[in-house]
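The values are calculated or read from the model by the stated rules, or taken from the named source; none is laboratory data. Note that the structure is predicted; figures quoted are calculated from it, not measured. When we count neighbours, we look across all protein chains shown, and the Cβ atoms used for this are built from the backbone with ideal geometry, even at glycine.
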Amino acid sequence: MTGLTHTTDAEPLKIAILAMGGQGGGVLADWLVDLAERADWYAQSTSVPGVAQRTGATIYYVELFPPPWSMEQPPVLAQMPTPGDVDVVISAELMEAGRAILRGIVTPDRTTLLTSIHRSYAISEKSHPSNGIVDAAQVIAAGNDTAKHFYAADLQRIAESCGSVISASLFGALAGTGVLPFSREQFEQTIRLGKVGVDSSLSAFDAGWNEIRSAQMQHDTQTANTRFPALPDKADTAGGQMLLDNLRSRFPVVLQPVVLAGLRHLLDFQDADYAHAYLNRIEHIFNLDSAADGQSRGWTLTWQFARYLATAMAYDDVIKVADLKIREARLQHISKEVRLEQGQMLDVADYMHPRFEEVCGTMPERLGRWMEQSFLRNWTTPFFRKGRHIRTSHLSGYLLLYVLASRRSTRTATLRHAQEMKSIDQWTKKIEAALETDYEFAVTVVKSRRLVKGYSDTHARSSGRFSQLMKAAEGLSRRPDAAAQFQVLYEAALNDVKGERLQAALSAMPAI
């Protein structure tokens, strides 16, 4: 790893840093300026904030001019990076590296690109009807193709393991690349002179240095296949052991890991009886899969059904939302995120905006149905026009959510539960009918359940698209081209937030 060298008549070193709020991008820029100035370089840093913390990162731009230079006539440095004219790009998150490449500030003849490969998902990724997560492998491939030197590692994980922030591990990784003409000791001295979080920052610096020096241009990428837990030999409880024994006796080995993941999800959501109901539903589809020679197809139908059934049965109701918001693990995570110190108080305000339908859904089935059709809907409308901030770190707010979460024991008697079970039953019948036509058609009907997601308005919209697909599936049954036609509709629904593509696909479909 060779550092960049400059003569007195050379251009300055040009460094762009892309970081989101809270990642210490400003600290990293300040460290670079301090590092250079103590080595008698002339340094300047500027920053341009993005639109928001996730829709656009702040760009910190640093230029370092080597000695000798004169105070009487100091160098004139630029305020913003220019495409094709940047020596080093540092990205505090993988997609920000992709943004840098798109901006043209990463070039194969000049730029060293250093990035953390962890992800902080954009709103567009989270709200996509299907799996909207951008393919990380494409960004990494672009980094290898576009940059002169490309370094990638999970520097966020490294920083967290050292009790620090990513700016420190990035600083260490930058030193490890050897791209700047400064020694490791000079880098470390810069941190010491800052006199803030010195020990943890030096620890993260060292870990970042070692990671880059040992890995060099190798990188870790997440696999496309989801990893499921291996079956334990024994469960911690008698009820858990019964479930484990049932799992082993009722399903082949290839299906057991995905079913186990579903069981754990539903035990966390409800209870052992609910998990047994999950097994019974899977066994029903498994028997149909067996009759359709599913073993020769790797039990694809049952595997996919077990996966999406667990998500469908662990639906996002008010009870679940309240439970998640008051869990100790969440408060510990927030405390860690804000770096809460001993003697400090944590104040958490949660924004909640349930609709009238969500309130009805928490009621016993008959009462909930009456409420939905009664005068209460119009009378209570003003109360649901705006969201509410609930201070979960205050006793009143915590108790409110605690009471809601305690309704878990009565969940299976609520209107929302009845609605979800009816939806699952209808979905299962559509799978059965599709299997009589074509195996692949049935598998796609199973996978279409991924459309249903979210809470409140998001859930209502996604459920509407799913209902349209189920109606189309009924019309396509017994048709020889059912699998291909339904796949077209499914893909249109997956890639359409507003529903326009699905409507167009339905309109273009031969008469059903």
The helices (runs of 4 or more DSSP H) lying entirely within the stretch 354-396 that contain at least 1 residues which are under 23 Å from residue 406 (Cβ atoms), in contact (Cβ under 8 Å) with a residue 40 or more places away in the chain and under 29 Å from the mean Cα position of the chain (by Cα) are 356-361
Given (1) farther than 30 Å from residue 164 by Cβ; (2) not in a helix (DSSP H, G or I), where does residue 342 come up short, assuming only one miss?
(1)
Determine whether residue 406 is free of Cβ contacts under 8 Å to residues at least 40 places away in the same chain, surrounded by fewer than 16 Cβ atoms within 10 Å (Cβ to Cβ) and touching a helix residue (DSSP H, G or I) at 6+ places or on another chain (Cβ under 9 Å).
yes
Within the stretch 83-97, restricting to residues that are without any contact (Cβ under 8 Å) to a residue 60 or more places away in the chain and part of a loop (DSSP other than H, G, I, E, B), the one that is nearest to residue 147 (Cα to Cα) is 84
Mind checking whether some residue in the stretch 467-478 is free of Cβ contacts under 8 Å to residues at least 24 places away in the same chain and part of a helix (DSSP H, G or I)?
yes
What number goes with the only condition from (1) of a type in the set (A, V, I, L, M); (2) buried (at least 17 other Cβ atoms within 10 Å of the Cβ); (3) not assigned by the TED database to the domain that holds residue 387 that residue 326 does not pass?
(3)
For residue 27: the one exception among (1) modelled with pLDDT under 80; (2) closer than 29 Å to residue 119 by Cβ; (3) of a type in the set (A, V, I, L, M):
(1)
Residue in the stretch 164-175 that is modelled with pLDDT of 90 or more and farther than 15 Å from residue 90 by Cβ present:
yes
Is it the case that residue 87 is in the same structural domain as residue 151 (by the TED database), at pLDDT 90 or above and touching a Lys or Arg at 6+ places or on another chain (Cβ under 6 Å)?
yes
Would you mind finding the one in 5, 82, 46 that is surrounded by fewer than 20 Cβ atoms within 10 Å (Cβ to Cβ) and either outside the structural domain of residue 167 (by the TED database) or modelled with pLDDT under 80 (or both)?
5
Tally time: how many residues in the stretch 377-403 are touching a helix residue (DSSP H, G or I) at 6+ places or on another chain (Cβ under 7 Å) and basic (Lys, Arg)?
2
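Every residue, every condition in (1) buried (at least 18 other Cβ atoms within 10 Å of the Cβ); (2) more than 20 Å from residue 364 (Cα to Cα); (3) not charged (D, E, K, R), yes or no:
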site: 416; (1), (2), (3): yes, no, no
site: 420; (1), (2), (3): yes, no, no
site: 423; (1), (2), (3): yes, no, yes
site: 427; (1), (2), (3): yes, yes, yes
site: 430; (1), (2), (3): yes, yes, no
site: 437; (1), (2), (3): yes, yes, yes
site: 442; (1), (2), (3): yes, yes, yes
site: 448; (1), (2), (3): yes, yes, yes
site: 455; (1), (2), (3): yes, no, yes
Matching helices (runs of 4 or more DSSP H) fully within the stretch 130-189 where at least 2 residues are in the same structural domain as residue 22 (by the TED database) and touching a Lys or Arg at 6+ places or on another chain (Cβ under 7 Å)
166-177
Filter the stretch 450-465 for residues that are assigned to a helix (DSSP H, G or I) and among the charged types (D, E, K, R); which is farthest from residue 307 (Cα to Cα)?
457
